[in-house]
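The values are calculated or read from the model by the stated rules, or taken from the named source; none is laboratory data. Bear in mind that the values here come from a model prediction, so they are computed numbers and not experimental data. Note that we place each Cβ from the backbone using ideal geometry, even for glycine, and neighbour counts take in every protein chain shown. Please note that ligands, DNA and RNA were not included when accessible areas were found on the heavy atoms of the full protein model with its side chains. Shrake-Rupley method; radii C 1.70, N 1.55, O 1.52, S 1.80 Å.
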Amino acid sequence: MSAELLDSLRHGRSSGSVLKIRVSQVRSKHPSHPIFVFEGDEDIGPYEVWLRGCFGRAYQPVPGKGKGQLLSCRDSLLSDKTGSFECVYFFVDRDFDGLRERPPGDDIYVTGCYSVENEMLVPEVLHSLLVDEFKLFVGGEEIDRLAAHAERVLESICVALKAANKRIFVARRLGVPLQIDDSVTKYIALDANGASVRHTEEQLERLVKYERPVPSELWAAMDAAFENLEPRVDYRGKFLLRGLANWFRLLAELRESGANNFFSDPLSIRFSPEHLSLRALASRRKAPDSLVRFVSKIGHPSAI
């Protein structure tokens, strides 16, 4: 099979028209339920946890294949005059490029931060992990000290990933196609005290690879906008969360060894980063306020 045909097949599977057909099929089977369309399979879990508490009604989840497909499908539905797609709602990450020049609306939820992953980087989640996974006593000096240290570690991860995020930010804002290596260990080095930059400038250009060069004057024009970002909220959440998960792995080793300044006594625990799925983390915090406001406006399909 030729590379051109493979590309064509991949594009077809991720096109907005394919998603529209899937939505239509779900609507025919569940005419009385709202349909919630998510960027991918991994998003269904955390939203299900939150929606159970703030929506409380039946809905039909439909996973898509990325933000571009959802936005393309939405474009098609907005122009559809048949009335067949009433009460279809889209849930997308804000990322660095927002709605990509599409209009906002009551039919589309955009995260209040870069992505769903950023929603997990809040003190209540970190505190909950230390209590449940590391068996620390609530209200004790040890958990307060370690919770504060986890916050500092997260800040150091943000700093270490600043250059990578800026490179992605510039590309997204200028519409430059790029390829991103998602292995966070290639970007940062970690120890118990925090993160540091691992890559050189030349290595970073390969890790976040532009498909065409960006003139220096355009790059410089992005400086002010990037510096106004709040790292924990606005940086790429997948990087931040994976970095934090790797640090928690190191912390677990210290918890079991006891030969360190972090824990008073050794304790055998069964922690692994796999415990940090988006669904599991979402259960450790309340639904984001922006999501609660969004779903409070959702009604029932009128045609049953």
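Hey, can you tell me all the residues within region 276-290 that are of a type in the set (Lys, Arg) and in a helix (DSSP H, G or I)?
Passing the criteria: only 279.
Looking at (1) in a loop (DSSP other than H, G, I, E, B); (2) farther than 20 Å from residue 284 by Cβ; (3) open to solvent by less than 30 Å² (accessible area, probe 1.4 Å), which is the one condition that is false for residue 85?
Every condition holds for residue 85 apart from (3).
From the residues in region 135-149 that are surrounded by 14 or more Cβ atoms within 10 Å (Cβ to Cβ) and without any contact (Cβ under 8 Å) to a residue 60 or more places away in the chain, which one is nearest to residue 247 (Cα to Cα)?
Only one residue fits best here, namely 147.
Kindly indicate the residue of region 275-293 that is farther than 10 Å from residue 46 by Cα and touching a helix residue (DSSP H, G or I) at 6+ places or on another chain (Cβ under 9 Å) and also modelled with the lowest pLDDT among those meeting that condition.
So, considering only residues that are farther than 10 Å from residue 46 by Cα and touching a helix residue (DSSP H, G or I) at 6+ places or on another chain (Cβ under 9 Å), the one modelled with the lowest pLDDT is 275.
Looking at 293, 212, can you tell me which residue is assigned to a loop (DSSP other than H, G, I, E, B), among the basic types (Lys, Arg) and without any contact (Cβ under 8 Å) to a residue 40 or more places away in the chain?
212
Exactly one of these conditions fails for residue 61: (1) touching a helix residue (DSSP H, G or I) at 6+ places or on another chain (Cβ under 7 Å); (2) open to solvent by less than 40 Å² (accessible area, probe 1.4 Å); (3) part of a strand (DSSP E or B). Give me its number.
In the conditions (1) touching a helix residue (DSSP H, G or I) at 6+ places or on another chain (Cβ under 7 Å); (2) open to solvent by less than 40 Å² (accessible area, probe 1.4 Å); (3) part of a strand (DSSP E or B), residue 61 misses (2) alone.
Does residue 108 satisfy the condition of being free of Cβ contacts under 8 Å to residues at least 60 places away in the same chain and under 19 Å from the mean Cα position of the chain (by Cα)?
Spelling it out, residue 108 is indeed free of Cβ contacts under 8 Å to residues at least 60 places away in the same chain and under 19 Å from the mean Cα position of the chain (by Cα).
With the requirement that a residue be without any contact (Cβ under 8 Å) to a residue 40 or more places away in the chain, closer than 15 Å to residue 166 by Cα and within 24 Å of the chain's Cα centre (by Cα), what does region 181-204 give you?
181, 197, 199
Of everything in region 113-131 that's free of Cβ contacts under 8 Å to residues at least 24 places away in the same chain and open to solvent by 30 Å² or more (accessible area, probe 1.4 Å), which residue is farthest from the chain's Cα centre (by Cα)?
If we take residues in region 113-131 being free of Cβ contacts under 8 Å to residues at least 24 places away in the same chain and open to solvent by 30 Å² or more (accessible area, probe 1.4 Å), then 131 is farthest from the chain's Cα centre (by Cα).
Restricting to region 225-275, count the residues that are outside any loop (DSSP other than H, G, I, E, B) and open to solvent by 70 Å² or more (accessible area, probe 1.4 Å).
Qualifying residue count, region 225-275: 6.
Please go through (1) farther than 26 Å from residue 137 by Cα; (2) open to solvent by less than 30 Å² (accessible area, probe 1.4 Å); (3) not charged (D, E, K, R) for residue 219 and return the number of the only condition it doesn't satisfy.
Result: residue 219 fails condition (2) only.
Scan region 245-304 residue by residue and report those that are under 30 Å from residue 59 (Cα atoms) and more than 23 Å from the chain's Cα centre (by Cα).
297, 298, 299, 300, 301, 302, 303, 304, listed by residue number.
Residues being closer than 14 Å to residue 132 by Cα and touching a residue at least 24 places away in the same chain (Cβ under 8 Å): count how many of those fall in region 252-271.
Residues that pass the stated criteria total 5.
Go through region 59-84 and give me each residue that's modelled with pLDDT of 95 or more and of a type in the set (Gly, Ala, Ser).
64, 66, 68, 72
Hey, any hits in region 26-35 for a residue that's without any contact (Cβ under 8 Å) to a residue 40 or more places away in the chain, in a helix (DSSP H, G or I) and among the hydroxyl-bearing types (Ser, Thr, Tyr)?
Yes.
Would you mind finding the one in 155, 142 that is more than 16 Å from the chain's Cα centre (by Cα), charged (D, E, K, R), at pLDDT 95 or above and more than 26 Å from residue 41 (Cα to Cα)?
Going through 155, 142 in turn, just one is more than 16 Å from the chain's Cα centre (by Cα), charged (D, E, K, R), at pLDDT 95 or above and more than 26 Å from residue 41 (Cα to Cα): 155.
When you scan region 159-208, how many residues do you find that are among the hydrophobic types (A, V, I, L, M, F, W, C), in contact with a strand residue (DSSP E or B) (Cβ under 9 Å, 6 or more places away or on another chain) and not in a helix (DSSP H, G or I)?
Going through region 159-208 one residue at a time, the tally reaches 10.
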